[in-house]
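Some notes on the structure that comes next.
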Amino acid sequence: ECDALVSLDLSNFNTSNVTGMDKMFAHSYALSSIDLSSFNTSKVTSMGYMFVNCKSLTVLDLSTFDTSNVTSMSGMFNNCESLTTIYGSNWDTSKSVHHYSNFSMFKDCNKLVGGKGTTYYMRNVDETYARIDQGKDAPGYFTEKDPTSIQPTTIGRQTDATVYDLQGR
């Protein structure tokens, strides 16, 4: 409930022994930037309501998350009303024991769009949409992260620096 927190860089966190990430960022209403690139989730069994009410997040990069031991993803992204993109993989949800409660995993993520254009629909909010979007044949809400694409960057303050274009000029 860090409701005024705007950004977090957790790239140096050691999460290799963490088993529960329930409500980890819950109700962080102003959180708009978070770096979870080093999160080791191989031992995590519960991610319930991990990002619930993170109303300012627009992009989440969860492409390194290992969900093979996760048994609950209930409400994980519930009410992330500004979230448009989740970079992810095809998550393993086979150990999920609460399929009925995972029904609210993407609830009220009204702006969410998968990589092939699958748009949020209020009846498609369960764990089966926690996969790379393949369009009509296999819809999902995740976008595959392309390691060769240029990712946007921001600079917090004005600096004097040399800037090169893609041709090295």
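Is there a residue in the stretch 105-113 that is modelled with pLDDT under 85, closer than 18 Å to Val52 by Cβ and surrounded by fewer than 16 Cβ atoms within 10 Å (Cβ to Cβ)?
no
Report, by residue number, each residue of the stretch 54-89 that is assigned to a strand (DSSP E or B), out of contact with any Lys or Arg (no Cβ under 9 Å at 6 or more places or on another chain) and open to solvent by less than 10 Å² (accessible area, probe 1.4 Å).
Leu60, Ile86
Residues in the stretch 18-33 that are in contact with a Phe, Trp or Tyr (Cβ under 6 Å, 6 or more places away or on another chain) and over 18 Å from Thr67 (Cβ atoms): how many?
Number of matching residues: 1.
Return the residues of the stretch 1-17 that are open to solvent by less than 70 Å² (accessible area, probe 1.4 Å), closer than 23 Å to Val70 by Cα and under 18 Å from the mean Cα position of the chain (by Cα); say none if nothing qualifies.
Result: Leu10, Ser11, Thr15.
Mind listing just one residue for me: the one in the stretch 118-169 that is of a type outside the set (D, E, K, R), farther than 14 Å from Ser63 by Cα and not in a loop (DSSP other than H, G, I, E, B) and, of those, modelled with the highest pLDDT?
Within the stretch 118-169, the match that is modelled with the highest pLDDT is Thr119.
Only residues in the stretch 18-29 that are among the aromatic types (Phe, Trp, Tyr) and assigned to a loop (DSSP other than H, G, I, E, B) count as the first member; pair them with residues that are at pLDDT 95 or above and open to solvent by 80 Å² or more (accessible area, probe 1.4 Å), Cβ under 8 angstrom, at least 6 apart or cross-chain, and list the lot.
That search, which allows pairs on different chains as well, returns nothing.
Taking only pairs six or more apart or across chains, which ones have beta-carbon atoms under 6 Å, a first residue in the stretch 74-94 that is within 14 Å of Gly115 (Cβ to Cβ), and a second residue that is among the acidic types (Asp, Glu)?
Final answer for the pair search is Tyr87/Asp61.
The values are calculated or read from the model by the stated rules, or taken from the named source; none is laboratory data. Keep in mind it's a predicted model, so treat the numbers as computed, not measured. Glycine also receives a Cβ, built like all others from the backbone with ideal geometry; neighbour counts cover every protein chain displayed. Side chains are part of the model used for accessible areas, which takes the heavy atoms of the whole protein and leaves out ligands, DNA and RNA. Shrake-Rupley method; radii C 1.70, N 1.55, O 1.52, S 1.80 Å.
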